[in-house]
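Everything below concerns the one structure shown next.
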Amino acid sequence: MAAAIGIGIDVEEPMGNMIIDIGGGTSEIAVIALGGIVCDKSIRVAGDEFTSDIEEYMRRQHNILIGERSAERIKIEVGAALPELDNPPSDIAVHGRDLMTGIPKEIYVSYSEIAHALDKSISKIEEAILNALELTPPELSADIYRTGIYLAGGGALLRGLDKRIQQKTKLPVHLAEDPLRAVARGTGIALKNIDKFPFLIR
Ligand SMILES: Nc1ncnc2c1ncn2[C@@H]1O[C@H](COP(=O)(O)OP(=O)(O)OP(=O)(O)O)[C@@H](O)[C@H]1O
Ligand SMILES: [Mg+2]
């Protein structure tokens, strides 16, 4: 709900809207209408899981041990949800310890590789979205067909994730202007205008 308000959606209108907040620990999918959450689904696959997927991939594919901070940097610099992007980032150098020799090693990593490493986790999020759409009452489905899906949360910044969800659901997907701050902004707006959002206090 906070993400929806932060994005600028009129949460009180009778029109249904689907919001997906991909954070660090969880991805939350909600359909909102008339100031309430009509249906929601939450899974424990989000940004942190992407980071550990990258660590694991480097170990299995390249026999190189990297730390969580390096994996996070890879995710931010060359992380991708699709193996082909219109504006691809350049390959980056990654440093870690060679598992065979124990010696520090440098390898180059491309976004397509990372898209491959993240594929399974992203599929789980897609599955949860399809599941939430299935549980949505038909009237609201009709709304979402028109309004589409809104993405928020830091995980939504992954390159091509919006396009991938669009391809999977065949619905319009809108990335929030500032996905990392949508929830905080929405919470601030709700607190400052508590009289306008009485339905939030239950
Ligand atoms: N540019 C980026 N590309 C990909 N992921 C990013 C980017 N920037 C931040 N992230 C990831 O977004 C996640 C944090 O997002 P956010 O701040 O929305 O989560 P949170 O609200 O703290 O977590 P939760 O909602 O699960 O409690 C982290 O996993 C971070 O690595
Ligand atoms: Mg969050």
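The values are calculated or read from the model by the stated rules, or taken from the named source; none is laboratory data. Quick caveat, the model's predicted, so the values are computed rather than measured. Virtual Cβ from ideal backbone geometry, glycine too; neighbours counted across all protein chains shown.
Things to note:
The rows are residues; the columns are (1) touching a helix residue (DSSP H, G or I) at 6+ places or on another chain (Cβ under 7 Å); (2) under 26 Å from ASP86 (Cβ atoms).
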| position | (1), (2) |
| --- | --- |
| ILE165 | yes, yes |
| GLU177 | no, yes |
| ASN193 | no, no |
| LYS196 | no, no |
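Residue-by-condition table, conditions (1) surrounded by 22 or more Cβ atoms within 10 Å (Cβ to Cβ); (2) of a type in the set (Asp, Glu):
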| site | (1), (2) |
| --- | --- |
| ILE19 | yes, no |
| ILE22 | yes, no |
| GLY36 | no, no |
| GLU56 | no, yes |
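- Of the residues making up the range 3-36, those that are touching a Ser or Thr at 6+ places or on another chain (Cβ under 8 Å) and in a strand (DSSP E or B) number 8.
- Taking the criterion of being surrounded by fewer than 21 Cβ atoms within 10 Å (Cβ to Cβ), under 15 Å from the mean Cα position of the chain (by Cα) and within 16 Å of ligand 2 (Cβ to nearest atom), the residues of the range 161-185 that qualify are LEU175, ASP178, LEU180, ARG181.
- The one condition in (1) at pLDDT 95 or above; (2) assigned by TED's automatic domain parsing to the domain that holds LEU133 that SER52 fails to fulfil: (2)
- Verdict on SER52 being under 26 Å from ARG164 (Cα atoms), assigned to a strand (DSSP E or B) and among the hydroxyl-bearing types (Ser, Thr, Tyr): no
- Flag if ILE22 is within 11 Å of ligand 1 (Cβ to nearest atom), under 18 Å from the mean Cα position of the chain (by Cα) and closer than 21 Å to THR187 by Cβ: yes
- Checked against the criteria, LYS41 counts as closer than 19 Å to GLY153 by Cα and touching a strand residue (DSSP E or B) at 6+ places or on another chain (Cβ under 6 Å).
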